Amino acid sequence: MDKKIVDFINEHHLLTLATTKDNVPYCCNAFYVFNEETNSLFFSSDTKTKHAQDFIANPKVAGSISLETKAVGKIQGVQLLGEIVELKNEALKKASKQYLKAYPYARLMETHLWEMQLTFAKMTHNLLGFGKKLIWEK
């Protein structure tokens, strides 16, 4: 994955996650951490939420991370595709360590961690030129 995409994802923390179930779309926001080794995002969500019920039924999801700005020359953001996997065993231990380091207050809550395994990322990066796109595919 291009370093500019990796750096952008690491500089931010809020993912807009889009799900679909029975042909009905839905989206939510979640705090995440990026795992560079696996090109995946770790986030927490209770299994009873609408979006979790959606991705349990249909693990293929989309997402976006963006820089909020009105300055056209500074527009940056990534559009993502991936698949949600429930973390278990050793993978859960590693993800928990990384997630709790980023969000220590999450220790006070019950966290249920998930992994969005990225299959595609497209970054718009206007600092590199108007409409400049960087694309990564697994």
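The values are calculated or read from the model by the stated rules, or taken from the named source; none is laboratory data. All figures in this text were calculated on a predicted structure; none of them were measured in a lab. Glycine gets a Cβ as well: all are built from the backbone with ideal geometry, and neighbour counts include every protein chain shown.
If residue 19 meets every condition in (1) out of contact with any His (no Cβ under 7 Å at 6 or more places or on another chain); (2) touching a residue at least 12 places away in the same chain (Cβ under 8 Å); (3) part of a strand (DSSP E or B) apart from one, which number is that one?
So residue 19 meets the others, but not (1).
Out of everything in the range 1-16 that is in a strand (DSSP E or B) and of a type outside the set (Ser, Thr, Tyr), what residue ends up being surrounded by the fewest Cβ atoms within 10 Å (Cβ to Cβ)? Steps first, please.
Taking the range 1-16 as the starting set, the residues that turn out to be in a strand (DSSP E or B) are 14-16.
With of a type outside the set (Ser, Thr, Tyr) added as a condition, the list becomes 14-15.
On the way: 14: 13, 15: 21.
Result: 14.
Can you tell me which of 78, 33 is of a type in the set (A, V, I, L, M), closer than 14 Å to residue 114 by Cβ and outside any loop (DSSP other than H, G, I, E, B)? Write out each step before concluding.
Values: 78 fails: closer than 14 Å to residue 114 by Cβ.
After ruling out the rest, the residue left standing is 33.
Looking only at the range 76-87, decide whether some residue is loosely packed, with under 14 Cβ neighbours inside 10 Å and either touching a strand residue (DSSP E or B) at 6+ places or on another chain (Cβ under 7 Å) or not hydroxyl-bearing (Ser, Thr, Tyr) (or both). Talk me through it step by step, then tell me what you get.
Start the filter on the range 76-87 by keeping residues that are loosely packed, with under 14 Cβ neighbours inside 10 Å, which leaves none.
No - not one qualifying residue is present in the range 76-87.
Take the residues in the range 103-138 that are of a type in the set (S, T, N, Q) and modelled with pLDDT of 90 or more, then tell me which one is surrounded by the fewest Cβ atoms within 10 Å (Cβ to Cβ). Give the steps one after another, and end with the answer.
Step one: list which residues in the range 103-138 are of a type in the set (S, T, N, Q), which gives 111, 117, 119, 124, 126.
Then drop every residue that is not modelled with pLDDT of 90 or more, which leaves 117, 119.
Working: 117: 16, 119: 14.
Filtering first and then ranking leaves 119.
Determine, yes or no, whether residue 60 is basic (Lys, Arg), out of contact with any Leu (no Cβ under 8 Å at 6 or more places or on another chain) and farther than 23 Å from residue 3 by Cα.
On the way: basic (Lys, Arg): yes; out of contact with any Leu (no Cβ under 8 Å at 6 or more places or on another chain): no; farther than 23 Å from residue 3 by Cα: yes.
Against the criterion (basic (Lys, Arg), out of contact with any Leu (no Cβ under 8 Å at 6 or more places or on another chain) and farther than 23 Å from residue 3 by Cα), residue 60 does not qualify.
Scan the range 84-104 for residues that are hydrophobic (A, V, I, L, M, F, W, C), outside any helix (DSSP H, G or I) and either over 18 Å from residue 52 (Cα atoms) or under 14 Å from the mean Cα position of the chain (by Cα) (or both) and jot them down.
Correct list: 84, 85.
Please go through the range 44-75 and pick out each residue that is surrounded by 13 or more Cβ atoms within 10 Å (Cβ to Cβ), touching a residue at least 60 places away in the same chain (Cβ under 8 Å) and either more than 24 Å from residue 104 (Cβ to Cβ) or not hydroxyl-bearing (Ser, Thr, Tyr) (or both).
52
Within the range 53-75, count every residue that is modelled with pLDDT of 85 or more, over 18 Å from residue 29 (Cβ atoms) and not in a strand (DSSP E or B). Spell out the reasoning first.
Just the residues of the range 53-75 that are modelled with pLDDT of 85 or more, to begin with: 53-66.
Those left that are additionally over 18 Å from residue 29 (Cβ atoms): 56-60.
Remaining after also requiring not in a strand (DSSP E or B): 56-59.
Number satisfying all stated conditions: 4.
Take the conditions free of Cβ contacts under 8 Å to residues at least 40 places away in the same chain and surrounded by fewer than 14 Cβ atoms within 10 Å (Cβ to Cβ) and apply them to residue 92. Does it pass? Give the derivation first.
Working: free of Cβ contacts under 8 Å to residues at least 40 places away in the same chain: yes; surrounded by fewer than 14 Cβ atoms within 10 Å (Cβ to Cβ): no.
Against the criterion (free of Cβ contacts under 8 Å to residues at least 40 places away in the same chain and surrounded by fewer than 14 Cβ atoms within 10 Å (Cβ to Cβ)), residue 92 does not qualify.
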